[in-house]
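Novice: Before we start, here is the structure in question, set down as structure tokens.
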Amino acid sequence: MRRIHRSMTALLFLAPALLVYGIFFIYPAIRALYISLFDWSGFIPVMKYIGIKNFIELSKDPIFWKSLKNTLFFLFFGGIITLSLALLFAALLSKKKLWGRRFFRAVIFFPVVTPTVGLGIIGTFFFNPNGILNGVLNSLHLDILTNSWLGPKLAIYSMLAAIIWATVGFSMVILLAGIEKIPETYAEVAELEGAGETTIFFRITIPMIWDVIVTVIIFWIIGALKMFELIYTLTQGGPNWATSTISIFTYIEAFGQRETIYRMGYGTAAGVVLFVLVILGAGLTMSLLRREAIEY
Amino acid sequence: MTEISRNYFLRSRNGIKNFARSWLSYVILVPWCAFTVLIFLWLITASLKTNRELYSNLWGIPSTLTWENFTHAWSVAHIGTYFSNSIFIVAIAMAATILISSMGAYALARISFRGSTFILYSLIGGMGIPVQLLLVPLFMLLAKMHLVNQPLGLIVAYVAYLLPFSVFLLVGFFRTIPMEIEESAAMDGASDFTIFRKIMMPLAAPGLITALIFDFITLWNEYLLALVILGKPKNWTVSLGLYNLNVAMGSTADWVSLFAGVVIIMLPSMLLYIFLSDRIISGLTLGATK
């Protein structure tokens, strides 16, 4: 009797959250799967059922492939660079004796809390032909290196650099917190045994924070696939789709930025692909990398 | 060699070694941080220049401080209106989120009942669902409810959007509070609601504040949902307004007002960050390293 009473209380406490979450989050998510099977412009009430034709069209759409390629480029190369840098920063900042470590940590993390649209605008001027980067190069008499950084050739690399700079702090603070939880005795013993700093890092630190590293990788995968604001405000996916990702593609198709038709079914189908990528990415990472956590 | 001088020798050798090691750390950390600091300092100086000076004197400090950029961004470019729209929308969404997510998190963390794990994972799993997937159905749902173009429409979307992370964070906090306190309160005959209101909420205050800060930063920066849900400029939030100013800049070339706008919308997060960066960072890592 008391058990039932407790369950009722719990559900009462949970009711508002579940109601809002169910109606405005879960329902649209499921509905999206359904909408992706329709040809639908959004403004007319008629939705035409076309089965998987949206997905077939996606598979033949060169711009979708371009966006998918870019998405995977940011996901892999961005991931390798960002996470290595984050691990490096975290390792350096975990030394208690380092003067100014809290300041460094705060500065590296700062772009994470800054409004992304603002970062995008700063980036636009930073990479602008008459902007900061070329200005620096000119004043250093390195005029040869000045370039059109957001032009068709280099835009994707400039974007990659911007993404790394803006997001590395997030992974760093999580890794740092993981490292700081390791009892110092391990490193001390290893040092007495004559292990060098790199040995300690690879043999002790990394194995001991392995589950934190996996968490950070999963966060990265989700974040990188979802990323929208920075890319949209910096280049809108351009020039000529050079920096478009599936996330950008979904919005552009569904809300009529490619052609003046709202292709809501088609755009949502791309959103479904994005969701599948998130599940695949996170699932694969977990099943391949997750090991028994080391207890300490 | 006497014992003392030998110790001294060893210690100074360690000192040099430490310095050599830190020296390498500084070589990596200082350029990165200097770049970041300089970018934001540059932004602030640029927002006080005239457009002409922006190019003629790209690096220097402005010869006269052009505060007009700020008044221009604030009133002519309507950043002021967007600013108060954002405050209104964000404040209500935050209050609603914190209320319902703390209630939910309390039930999930403190009451054991069948299905609690399932509900917890379903809620937290929302963090993995890309908003892009929801855009169209959510837009249609809100249209049916006549909430498109309405601040209220964005508010409910924001509450749903914040729930997974807020619940995740707060469940972590509630679990750190010792059970004995509420057990003894229950012995004294206090109901769950009394325990929640009178005991748990005050004890979880640091957690609630962390969640509030996070919710604020997330919503203040949010762009995509606002872009889809709010059509009419008079309801726009700061991110939308600023981005639109950026697009308009293509024809006006008024960079300095745009920079002033960026400074204005960065100000709240910057101030929060200066005073609370430790709390923000430790709050974030609490859940993630568990």
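Just so you know, all these numbers are worked out from the coordinates, no wet-lab data involved. Note that the structure is a prediction, hence the values are computed from the model and not measured. Heads up, the Cβs are rebuilt from the backbone with ideal geometry, glycines too, and the neighbour counts pull from every protein chain shown.
Novice: Report, in deg cm²/dmol and to the nearest 500, the calculated mean residue ellipticity at 222 nm for chain B, where each DSSP H run with n ≥ 4 adds -39500 (n - 2.57) and the sum is divided by the residue count.
Specialist: My calculation for chain B gives -25500 deg cm²/dmol from helical runs alone.
Novice: I've got another one for you. Top mean-square fluctuation among B:104, B:125, B:241, Gaussian network model of chain B, C-alpha springs under 10 Å?
Specialist: Answer for the Gaussian network model of chain B: B:125.
Novice: Related question: In a shell of Cβ-Cβ distance under 9 Å around residue B:195, excluding residue B:195 itself, what net charge do Lys and Arg (+1) and Asp and Glu (-1) give?
Specialist: +1
Novice: Could you work out which residue, out of B:129, B:265, B:92, moves most in a Gaussian network model of chain B, that is, has the largest mean-square fluctuation with Cα springs under 10 Å?
Specialist: B:129
Novice: Return a whole-number percent for the relative contact order of the range B:77-288, with Cα pairs under 8 Å and 6 or more residues apart as the contact set.
Specialist: Reported as a whole number, the value is 33 percent.
Novice: May I ask you to list, by number, the DSSP H helices of chain A whose Cα span along the axis is at least 30 Å and whose average Kyte-Doolittle hydropathy reaches 0.5 or more?
Specialist: Flagged H segments are A:155-181, A:264-289.
Novice: Under 20 Å Cα to Cα from residue A:60, which lysines show up? Leave out anything in the same chain fewer than 8 places away.
Specialist: Excluding near neighbours in sequence, the set is A:69.
Novice: A further question on this structure: Just the Kirkwood number for the range B:205-267, please: inverse of mean 1/r across all distinct Cα pairs, in Å, one decimal.
Specialist: After inverting the pairwise mean of 1/r, the radius is 13.2 Å.
Novice: With r as the distance between the Cβ atoms of residue A:60 and residue B:279 and R0 = 41 Å, compute the FRET efficiency 1/(1 + (r/R0)^6) and round to 0.05.
Specialist: 0.20
Novice: Inside 10 Å of the C-beta atoms of B:260-267, what's the mean count of C-beta atoms belonging to other chains?
Specialist: 3
Novice: Dividing the alpha-carbon radius of gyration of chain A by 2.2 N^0.38 Å (N being the number of residues), what value is obtained?
Specialist: 1.23
Novice: Of B:49/B:234; A:48/A:153; A:53/B:232; A:96/B:49, which pairs sit farther than 31 Å apart, going by alpha carbon to alpha carbon?
Specialist: A:48/A:153; A:53/B:232; A:96/B:49
Novice: Ok, one more. Shielding by partners for A:25-38, please: the mean number of other protein chain Cβ atoms within 10 Å of each residue's Cβ.
Specialist: 5
Novice: Continuing with the same structure: Whole-Hz Karplus ³J(HN,Hα) for the range B:72-80, in order, using 6.51 cos²θ - 1.76 cosθ + 1.60 and θ = phi - 60°, x for Gly and Pro?
Specialist: 4, 4, 5, 9, 5, 8, 6, 4, x
Novice: Just add up the charged neighbours of residue B:222: K/R +1, D/E -1, any other residue whose Cβ is under 12 Å from the Cβ of residue B:222.
Specialist: Combined, the nearby Lys, Arg, Asp and Glu give -2.
Novice: Quick one: Cα convex hull volume of the range A:53-204, Å³ per residue?
Specialist: Spread over its residues, the Cα hull of the range A:53-204 gives 189 Å³ apiece.
Novice: Additional query: When N counts the residues of the range B:77-288, how does its alpha-carbon radius of gyration compare numerically with 2.2 N^0.38 Å, as a ratio?
Specialist: Relative to the 2.2 N^0.38 Å estimate, the range B:77-288 comes out at 1.17.
Novice: Between residue B:175 and residue B:99, what's the calculated FRET efficiency when r is the beta-carbon distance and R0 is 22 Å? Round to 0.05.
Specialist: Approximately 0.65, to the nearest 0.05.
Novice: Also: Below 11 angstrom from the Cβ of residue B:64, what's the summed charge of the other residues (Lys, Arg +1; Asp, Glu -1)?
Specialist: -1
Novice: For the range B:155-184 and the range A:12-71, what is the separation of their Cα centres, given in Å?
Specialist: A separation of 30 Å, based on Cα centres.
Novice: Moving on to the next point. Per DSSP helix of 4 or more residues, -39500 (n - 2.57); summed, then divided by the residues of chain A. What does that give at 222 nm, rounded to the nearest 500?
Specialist: -21000 deg cm²/dmol
Novice: Oh, and also: Under 10 Å, Cα contacts only: if you run a Gaussian network model on chain B, which one of B:239, B:257, B:191 comes out with the highest mean-square fluctuation?
Specialist: Maximum among the listed residues: B:191.
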